[in-house]
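Everything below concerns the one structure shown next.
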Amino acid sequence: MRIFICGFGTVGQGFAEVIASRRDFFDKRYGERAIIVGAMDSRTYAYDPEGCDPLGLVERKKATGRVGETEYTDSVEVLKGIEYDILVEVSPTNVETGGVGLLNIRHALESEKDVITVNKGPLALKFRELIELAKANSCKFRFEGSVGGAMPIINLCRENLRGESIMSIRGILNGTCNFILSKMDKGQPFEQALKEAQQMGYAETDPTNDIEGYDSACKAVILANSIFGRDVTFKDVKITGITSITEEAIAMAATRNMVIRLIAEISDTKLEVAPRLIPKGHPLGITGTMNTAQIVSDLAGPVTVSGRGAGRIETASAILSDLVAIMDERVVG
Ligand code: HSE
């Protein structure tokens, strides 16, 4: 299986490390290796049809700031010139236009390649188009890591809870906001907590996307489309962020044994991100950078999951699960 990685930041590098660490797993399960034939960052790319050393790519990126020696200006032109089976698209999220990620995914699907992505921009803006493109070209298109990082949610609902009617999902889908609100519970000012979240590498490049609720809204759109079969985009979400939450409001909630959390609510009729009062001890009242979601379905009732919503290896674990699912399907036929 030949993999090409678009985007060689934190997640792309984490995925390369995970592929290196799972070499025996692929050998045993499929009798073939998952080979990284190349990777692309924002300026350069590396390509070797025989397979690159994944850790070598990471080392070169760390040492030189570049993943490859060849410079490029048009990522789609690069994709046109290489041989691969699966595109792993993990370039930076652009929620206004979909960015290069959208162009790369479109091109790969049009070229009948399977795609795995965690890139929220293309999914929040062009979900329906991309799903239809994948179907028309008989490609697999998976995106577990786009919501909740390592926390299983999309595949959980679509595969483990298959056959059930999912009624609603309520969740904390942004670790930065949850970290800030948890720190504010302890009396730390908003700005200081945000700075800490940025230092931990959790916040988006522009943290406005976190604190204004835009990142959670993208994830809500992905869940609405992929799990509830809706056809919505980012602009359909009713969004309130956490910037207007005062220390007084937090203190007032505490006197009622409550905490304030930024909650995304998704159902057939609801699509909203807003701060909510949550009783202390409730599963949605978690503290720190964790993500959590409560799924309610007709047969199982409430199912709650939580996990690390971001991180180099954590997000790569979600990509690995999509890769294994695709390779399993190929084996079964
Ligand atoms: N900025 C995001 C968060 C990263 O804080 O959860 C994962 O999408």
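Paramagnetic label reach from residue 247 (point 7 Å along Cα→Cβ; backbone nitrogen cut-off under 16 Å): within the stretch 194-231, residues 194-195. For the stretch 225-240, backbone phi angles converted through the Karplus equation (6.51, -1.76, 1.60; θ = phi - 60°) give residue-by-residue couplings of 6, 7, 9, 9, x, 7, 10, 10, 10, 3, 6, 7, 8, 7, 10, 10 Hz, Gly and Pro being listed as x. The HN-Hα couplings worked out from phi for the stretch 288-298 by the Karplus form 6.51 cos²θ - 1.76 cosθ + 1.60 (θ = phi - 60°) are x, 8, 5, 9, 8, 8, 10, 9, 10, 10, 5 Hz, whole numbers, x standing for Gly and Pro. Centre-to-centre, using Cα atoms only, the stretch 121-155 and the stretch 10-32 are separated by 21 Å. Measuring nothing but how far apart in sequence close Cα pairs (under 8 Å, 6+ apart) lie, relative to its length, the chain scores a relative contact order of 19 percent. The figure for residue 240 is an accessible area of roughly 60 square angstrom, using a 1.4 Å probe on the protein chains alone.
Surface composition of the stretch 156-308: carbon and sulfur make up 49 percent of the accessible area, probe 1.4 Å. Relative to the longest principal axis of the Cα atoms of the chain, helix 190-199 runs at roughly 20 degrees.
Using alpha carbons only, how many angstrom separate the centre of the stretch 84-103 from the centre of the stretch 212-289? So the two Cα centres are separated by 26 Å. Of the lysine pairs in the stretch 156-308, how many meet both conditions: Cα atoms under 14 Å apart, and a spacing of 8 or more in sequence or different chains? Value for the stretch 156-308: 7. Treating r as the C-beta distance of residue 53 and residue 325 and R0 as 35 Å, the FRET efficiency rounds to 0.85.
Let me check I've understood the local charge: for residue 280, count other residues with C-beta under 15 angstrom from its C-beta, Lys and Arg +1, Asp and Glu -1. What total comes out? Don't jump to the answer; show the numbers that get you there.
Working: positive: 186, 256, 261, 276; negative: 185.
After counting each charged neighbour, the total is +3.
Can you compute the FRET efficiency between residue 111 and residue 63 using 1/(1 + (r/R0)^6), with r the Cβ-Cβ distance and R0 = 35 Å? Round to the nearest 0.05.
On the way: r = 32 Å, r/R0 = 0.92.
It comes to 0.60.
Angle between the Cα long axis of helix 120-136 and the longest principal axis of the chain, 0 to 90 degrees, nearest 10? The two axes meet at around 50 degrees.
Suppose only helical runs count, i.e. DSSP H with n ≥ 4. What mean residue ellipticity at 222 nm does that imply for the chain under -39500 (n - 2.57) per run, divided by all residues and rounded to the nearest 500 deg cm²/dmol? Intermediate results must be reported in sequence, preceding the final value.
On the way: 12 runs with 135 residues, N = 333.
Helix-only estimate at 222 nm: -12500 deg cm²/dmol.
Residue 179 exposes around 20 Å² of accessible area when a 1.4 Å probe is run over every protein chain in place.
Length gained on full extension, residue 277 to residue 76: 67.8 nm, using 0.36 nm per residue less the C-alpha separation.
Pull up the DSSP beta bridges for the chain and report the antiparallel fraction as a percent, rounded to 5. Can you show the working numbers first?
Details: 32 of 49 bridges.
Just about 65 percent of them are antiparallel.
The values are calculated or read from the model by the stated rules, or taken from the named source; none is laboratory data. Quick caveat: nothing in here was measured; it's all calculated off a predicted structure. Note: ideal-geometry Cβ built from the backbone for every residue, glycine included; neighbour counts use all protein chains shown. These accessible areas exclude ligands, DNA and RNA; they are computed on the full protein's heavy atoms, side chains included. Shrake-Rupley method; radii C 1.70, N 1.55, O 1.52, S 1.80 Å.
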